Amino acid sequence: LDMANYRHLREEIIRLVEEAAQKLGFTLNEKARMLRKGSSDSLAVILPNIQFKQYRDFYASFKVYAERKGYSTELMLTNDNPDIERALIQQAKAMLLDGIAIVSCLTEKEEQGIFDGFGKVCYVERKPQFPAVYYGFDYTRCGEELAESIIRHEYKNVLLIHSTLRYSNEKETIESFNKRISGIPCNVIDVSTDSLRLYNTLLEEYETIEAIVTTNLGFAERIRQICNSLILVEALPIYTISPMFTLPEKDYIKYELNYSLLGRQAAEECIGKSKTKNSCHILKNDSYRKWLNVLALEGPEASVMKAMTKLYEEKTGTQINISVLSYNEIYEAFVNAENFGIFDIFRIDVTWLSWFADKILLPLEEIDDRILKGTQEYIPALMGKYSTVNNRVYALPVTPSAQILFYRKDLFEDAAGKR
């Protein structure tokens, strides 16, 4: 048989087998199909937990991007337990996953071969001690800038709370913090702990310290709870590394890192065709954000917004810069926002929403999925018309208004007016 006849015969045999299987009631075995194909169009995200906001942000962004590209995502949680992590990795191998993004507690050299057989493995946040694809932030700069804040406020006694230094992100942050603050007249009480032992640590040191620095928002939240439970007269300032927040508040001084962006880039890496197994990607730190730039359409509501910003600034410590533009100026502002990211928040006519939503706006569920729960109180047809583009919610209608025409009694008594 020549090759053309062979291919034709093979296709005919497959067709006959499929017809016979259908008549006999057999169904396709999904695992067998994946074995034959060599992939499953599935990815895994392995995280220490999902309680900490940075990991929720990472996973939500990773999952959204993967699903847009036709991939499903499996979430696996290790609780930073090496035995659980090894078991989950074996489970992932059995699932024939196409790629894995992992915040691993197995970073030692002897663990290098545990991922053999996977198409793509992307280490996140914690850098392993062997060549690997890695995505993270500039943790050395995190430590330096946290130390700068302490020096600027001239604190003399500071409690520094962090997780184990076995993880590269913790080690780089703490080492750079201590290096920058060395030689400064400031006593730093350096404590490596976990959330379960925080209470005793605070109880022992609280009377002598002026500020607390921590590498983890989960720690910061727990510290604030403990401080409140102690019914203390004055709350201590808490400086913390944090994922990004849409709305600032005064509970913590947050040094922000964009974990949503980290999740997207890790998903791109896992889905991408690159075969490299050794590359290091350091994302830019967002640092301390103390302002928001708002674009508002000209009108009475813009004047109200300007007046309200004083209350917001007083409540949060965040400065609001509002640019009020006419309808004709909006287009150019949008184009610049797309290219340069000048504005953070937009208050515009809904006419512009469909033009720019996909290009420059973030779907609300990627900010916080709780936002959409509040929309149930809107008139049912409202969200579809004023908030949704391509089945994704990008905006909330915030200004109820109805424009009505009123006519003078004598308007149509005049012949010229009638014409």
Under 5 Å, built H, 5+ apart or other chain: amide partners of LEU292: GLN319, ILE320, ASN321
Neighbours of THR73 by Cβ distance under 9 Å: Lys/Arg at +1, Asp/Glu at -1, summed charge -1
Tell me what the chain gives for mean residue ellipticity at 222 nm when only DSSP H runs of n ≥ 4 count, each as -39,500 (n - 2.57), the sum divided by the residue total, rounded to 500 deg cm²/dmol. -13000 deg cm²/dmol
What accessible area per residue comes out for segment 73-216, rounded to a whole number of Å², with a 1.4 Å probe? 45 Å²
Let's test this: bin the Cα-Cα distances of segment 340-419 at 5 Å from zero up to the farthest pair and state each bin's percent. 3, 11, 20, 19, 13, 6, 5, 6, 7, 6, 4, 1
Skipping prolines and chain starts, which residues have an amide H placed within reach, meaning under 5 Å, of the one on ARG347, given they are 5 or more residues away or on another chain? LEU295, ALA296, LEU297
For the chain, modelled as a Gaussian network with Cα springs under 10 Å, which listed residue fluctuates most, GLY136, GLY99, GLY113? GLY113
Report the full-extension gain for the segment ASN79 to TYR327: residue separation times 0.36 nm, less the Cα-Cα distance, to one decimal in nm. 84.1 nm
Most mobile listed residue (TYR71, TYR288, TYR327) in the chain, GNM with C-alpha springs under 10 Å: TYR327
How many angstrom lie between the Cα centre of segment 274-295 and the Cα centre of segment 117-161? 13 Å
Percent relative contact order for the chain, counting Cα pairs under 8 Å at least six residues apart, stands at 13 percent
Heavy-atom accessible area with a 1.4 angstrom probe orders PHE334, PHE343, most exposed first, as PHE343, PHE334
At 7 Å along Cα-to-Cβ for each site, give me the label-to-label distance between ARG419 and TYR407 in nm. 1.9 nm
If Lys and Arg each add +1 and Asp and Glu each add -1, what is the summed charge of the other residues whose beta carbon sits under 9 Å from the beta carbon of LEU217? +1
Give, in nm to one decimal, the length gained when the segment between TYR206 and ALA307 is fully stretched (0.36 nm per residue of separation minus the Cα-Cα distance). 32.4 nm
Counted charge near ARG166, where neighbours are those whose Cβ lies closer than 9 Å (Asp, Glu -1; Lys, Arg +1): 0
So which aspartates and glutamates can LYS275 reach, going by Cα to Cα under 19 Å and dropping same-chain residues fewer than 8 places off? ASP41, ASP98, ASP116
Determine the shape class of the chain: with a ≥ b ≥ c the square roots of the Cα gyration tensor eigenvalues, call it rounded for a/c under 1.5, and otherwise prolate if a/b is greater than b/c, oblate otherwise. oblate
Protection proxy (average C-beta count within 10 Å per residue), highest first, orders 195-204, 118-127 as 118-127, 195-204
Karplus-derived 3J(HN,Hα) from phi for segment 164-169 (6.51 cos²θ - 1.76 cosθ + 1.60, θ = phi - 60°), whole Hz, x at Gly and Pro, runs 4, 7, 5, 8, 4, 5
Sequence-distant or interchain residues sharing an amide H contact under 5 Å with SER287, placed H: which? GLU256
Given labels modelled 7 Å from the Cα in the Cβ direction, how far is it in nm from GLU268 to ILE282? 1.9 nm
Out of ILE46, ILE238, ILE371, a Gaussian network model of the chain with alpha-carbon springs under 10 Å gives the largest mean-square fluctuation to ILE371
Distance between modelled label sites at ARG86 and LYS156, nm, 7 Å Cα→Cβ extension: 5.1 nm
With a 1.4 Å probe and every protein chain kept in, tell me what percent of the accessible surface of the chain is carbon plus sulfur. 53 percent
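The values are calculated or read from the model by the stated rules, or taken from the named source; none is laboratory data. Source: prediction; values computed, not measured. Note that we place each Cβ from the backbone using ideal geometry, even for glycine, and neighbour counts take in every protein chain shown. Protein only, heavy atoms only, side chains kept; ligands, DNA and RNA dropped before computing areas. Shrake-Rupley method; radii C 1.70, N 1.55, O 1.52, S 1.80 Å.
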